[in-house]
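Asker: Below is a structure I'd like to ask you about.
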Amino acid sequence: MSTTNTLEQSVRAQLERYFTDLGDEAQPRDLLAMVVNCVERPVLQIALEQTHGNQSKAAEMLGITRSTLRKKLLAHDLQP
């Protein structure tokens, strides 16, 4: 049995596809920031949906403070 989870496998597959589509000539910059930005927004949205918009519960679910959650919501233009 593999220790790699399905989400990790999906991210890896998408990154491999990204590099294939990019080709040999181009080298991406700030790859980690790009991936974090792409993943963070839907994670925040799902946490809020699962907690029915309760930011305190969403922050707890995410393992961050409520003030950090609010900053991230503003950064991703998700503030209600």
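Asker: Work out the charge dipole of the chain with +1 on the Cβ of Lys and Arg and -1 on the Cβ of Asp and Glu about the Cα centre, then indicate which of Cys38, Gly53, Gln27 is farthest towards its positive end.
Answerer: Of Cys38, Gly53, Gln27, it is Gly53.
Asker: Work out, step by step, the length gained on full extension between Asn37 and Ala75: first 0.36 nm times the residue separation, then minus their alpha carbon distance; give nm to one decimal. Write down the numbers at each step before the final one.
Answerer: Details: separation 38, 0.36 × 38 = 13.68 nm, distance 0.98 nm.
In short, 12.7 nm is gained.
Asker: Dipole of segment 1-77, Cα-centred, from +1 at each Lys and Arg C-beta and -1 at each Asp and Glu C-beta, to the nearest 20 debye?
Answerer: Values: 9 positive and 10 negative charges, 101 e Å.
The dipole of segment 1-77 has a size of about 480 debye.
Any read-out appearing in this document is the output of simple, stated calculations on the displayed coordinates, not a laboratory observation. Since we're looking at a predicted model, the values are computed, not measured. No Cβ is skipped: glycine too gets one built from the backbone with ideal geometry, and neighbour counts run over all protein chains shown.
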